[in-house]
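Quick notes on the structure that follows.
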Amino acid sequence: MGVGVKLASEIYGTGEIVFYRSLIGVIIMWTVLASSGTSVRTPHMAMHIKRSLFGVTALLLWFTSITMLPLATAMTLNYMSPVWIALILGAGAALTGTGGADRKLIGAILMSFGGVICLLQPSVGHNQLTGGLIGLISGMFTALAYVEVRQLGQLGEPEGRIVFYFSAVGMVVGLAWMLYTGPSTHTWRGAGLLLAI
């Protein structure tokens, strides 16, 4: 997908890529849910919207970083999400008083950050700092989305319904972005890339 986004960004804006990716996701997930007899109705709509907004923000930021950075660098920054998850869960436990700060966890998190900085230093030039920051923030929003997915799973929400709402929100946000920036002209190559993504 990352390669497809990198190539498609020569033709389409980030919002368009997110819109078409999400449109295809809505169609696929609607079909999967309907064929399994699972309704899209949910008693946890607010949580779905929250999770979806985190996920779509992460996707928009990640795709933007892919257009601004070498693909490997953008991928690495997005894969920082497990470090962010550990920070989010650790901070949540500390704030609620359900657990103290685990020194081993804190040490592992700091070492992870240090490792990423060491790895990326040679490949992020001064003209790529904005893209690097966007990629790092995309990993944080990915982590927030994963935490929300975990909570929805604990409430018994089916995976297909979670993906459906993520795709639906992505389609709306992507469409709004695309209409604001103006749609691009389609080519066969561009349509093929969008389908692949």
**OP:** Using only protein heavy atoms and a 1.4 Å probe, report how much of Met171 is accessible, in Å² to the nearest 10.
**Re:** 50
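So if R0 is 25 Å, what FRET efficiency would Val3 and Leu129 give, r being the distance between their Cβ atoms, rounded to the nearest 0.05?
0.60
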Original post:
Within a Cβ distance under 15 Å of Gly2, other residues only, what is the Lys/Arg minus Asp/Glu net charge?
Top reply: +1
Original post:
Ignoring ligands, DNA and RNA, how do Trp62, Trp188, Trp30 rank by accessible area with a 1.4 Å probe, largest first?
Top reply: Trp188, Trp30, Trp62
Subject >> Residue among Leu69, Leu152, Leu61 with the largest mean-square fluctuation in a Gaussian network model of the chain, springs linking Cα atoms under 10 Å >> reply: Leu152
**OP:** Can you pull the one-decimal nm distance between simple spin-label points at Ala191 and Lys104, each 7 Å off the Cα toward Cβ?
**Re:** 5.6
Original post:
Taking the chain, how much of its Cα-Cα pair set, in percent, is spaced more than 19 angstrom apart?
Top reply: 65
Original post:
Using Cα pairs under 8 angstrom and six or more residues apart, how large is the relative contact order of the range 1-103, in percent?
Top reply: 34
Original post:
Hey, what did the chain get for relative contact order, percent, Cα under 8 Å, at least 6 apart?
Top reply: 49
**OP:** Please give the contour-minus-distance gain from Ile88 to Thr38: 0.36 nm per residue of separation, less the Cα-Cα distance, rounded to one decimal in nm.
**Re:** 14.8 nm
Original post:
What is the distance, in nm, between label points placed 7 Å from the Cα along the Cα-to-Cβ direction at Glu10 and at Glu159?
Top reply: 3.5
**OP:** Can you give me the P(r) profile for the range 139-197? Cα pairs, bins 10 angstrom wide beginning at 0, each as a whole percent.
**Re:** 18, 34, 31, 16, 1
Original post:
What full-extension length gain, to one decimal in nm, is calculated for Phe113 and Tyr180 as 0.36 nm per residue of separation minus the Cα-Cα distance?
Top reply: 20.5 nm
Original post:
What are the trypsin sites (Lys or Arg not before Pro) within the range 1-57 that DSSP puts in a loop, where the Cβ has at most 13 other Cβ atoms within 10 Å?
Top reply: Arg41
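With a 1.4 Å probe and all protein chains left in place, how much accessible area per residue does the chain have, in Å²?
Details: 10760 Å² over 197 residues.
That works out to 55 Å² for each residue.
The values are calculated or read from the model by the stated rules, or taken from the named source; none is laboratory data. Only a predicted model underlies this, so the values are computations on that prediction, with no experimental measurement involved. Cβ coordinates were reconstructed from backbone atoms using ideal geometry, including for glycine residues, and neighbour counts include every protein chain displayed. Accessible surface areas use protein heavy atoms only, side chains included; no ligands, DNA or RNA. Shrake-Rupley method; radii C 1.70, N 1.55, O 1.52, S 1.80 Å.
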